[in-house]
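All remarks here apply to the structure that follows.
The values are calculated or read from the model by the stated rules, or taken from the named source; none is laboratory data. Given the structure is predicted, the values throughout are model-derived calculations rather than measurements. Heads up, the Cβs are rebuilt from the backbone with ideal geometry, glycines too, and the neighbour counts pull from every protein chain shown. Areas reflect the complete protein model, heavy atoms only, side chains present, ligands, DNA and RNA absent. Shrake-Rupley method; radii C 1.70, N 1.55, O 1.52, S 1.80 Å.
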Amino acid sequence: MRMRKKPNVGPRMEACARWLVARPESMAGTWRDLYPQCSALWVEVGCGKGKFTVETAQANPEVLVIAIERCREAMVMAMEKARDMDLSNVFFVDMDVAKMEGCFAAGEIDRLFINFPDPWPRKKNAKRRLTFRTFLRMYSRVLRDGGEIHFKTDNAPLFQFSLEEMEFLGLETKNVTRNLHENGPVGIMTGYEEKFYALGTPINRCEVVCHPIPEPEVQPRAEAEA
């Protein structure tokens with residue numbers, strides 16, 4: 001569900017400017033300069049209101065966390081959480097995920113989180129799913145060899161689709177589960193995830209080990225008939 005536009009977003013973001021990376025396209029290869037003592041760089045795509053983001057940063061003070069979100073109304077709430085917790089190892093980027101390859105160097109990221117993305121259920125919109133093969137190829141280029149994608153969704157058809165896309169590209173999956181919290185809460189939850197858990201909705205999760213993926217061959221155009 002889309003968030004309603006709010007007129008005070010600009011001033012609120014300015015009040016949290018310390019946690020905003022205004023020119024991410026200039027940061028490729030230098031993200032760790034934001035937090036020089038970090039041992040790893042983790043990126044969350046589509047952080048929403050940021051519960052998972054800030055709790056992950058708080059629980060892993062040795063890690064630099066970069067959160068990408070294109071909905072400013074949601075991201076400003078995430079930034080305010082980081083401000084209120086006075087976190088120094090998390091920063092936010094106001095950007096569409098599709099543009100991230102222009103902001104990160106090849107192999108720069110150690111781990112990437114995809115939590116409860118839009119399932120785009122209609123078949124004609126499959127290419128918009130954040131686990132479609134073109135997105136997975138992009139992630140594999142900015143993740144280091146052996147880096148991981150951690151993916152969670154409540155949508156069973158999307159999860160099955162994602163596993164098939166990963167298999168198609170030859171990516172290794174591990175810790176695959178279709179009911180993550182079956183025996184009680186596991187790991188840090190997003191805000192949505194807490195609601196799903198309270199309702200008894202099964203949560204699907206997997207981890208993906210990335211490696212360079214050969215680019216698809218470009219089929220030559222047939223020569224025009226004489």
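In table form, for the structure just shown:
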{"read-out": "Listed peptides 57-63, 203-209 by packing density, highest first (mean Cβ within 10 Å)", "value": "203-209, 57-63"}
{"read-out": "With Cα atoms, 0 to 90° folded angle of helix 133-142 axis to the chain main axis", "value": "60"}
{"read-out": "Label assignment, percent of Cα pairs over 26 Å apart derived from the structure, set (1) 32; (2) 46; (3) 38", "value": "(3)"}
{"read-out": "Estimated [θ] at 222 nm from DSSP helical runs (n ≥ 4, -39500 (n - 2.57)) normalised by residues in the chain, nearest 500", "value": "-8000 deg cm²/dmol"}
{"read-out": "Cβ crowding within 10 Å averaged over residues, with 157-165, 30-38 ranked highest first", "value": "157-165, 30-38"}
{"read-out": "11 Å beta-carbon shell around Gly107, net charge (K/R +1, D/E -1)", "value": "-1"}
{"read-out": "Surface accessible to a 1.4 Å probe, per residue, for the residues of the range 29-167, Å²", "value": "41"}
{"read-out": "Cα-centre dipole for the range 68-128 with unit charges at Cβ (Lys and Arg positive, Asp and Glu negative), debye to 20", "value": "580"}
{"read-out": "Sequence-separation-based contact order of the range 3-84, relative, with Cα cut under 8 Å and 6+ spacing, percent", "value": "39"}
{"read-out": "Accessible surface of the range 81-226, 1.4 Å probe, proportion on carbon and sulfur as whole %", "value": "51"}
{"read-out": "Residues Gln37 and Thr173, FRET efficiency given R0 of 30 Å [Cβ-Cβ distance, rounded to 0.05]", "value": "0.40"}
{"read-out": "Linear extension gain, Asp86 paired with His211, 0.36 nm per residue minus alpha-carbon span", "value": "41.5 nm"}
{"read-out": "Cut-off 20 Å, label 7 Å out along Cα→Cβ of Lys127, residues of the range 76-104 by amide N", "value": "96-102"}
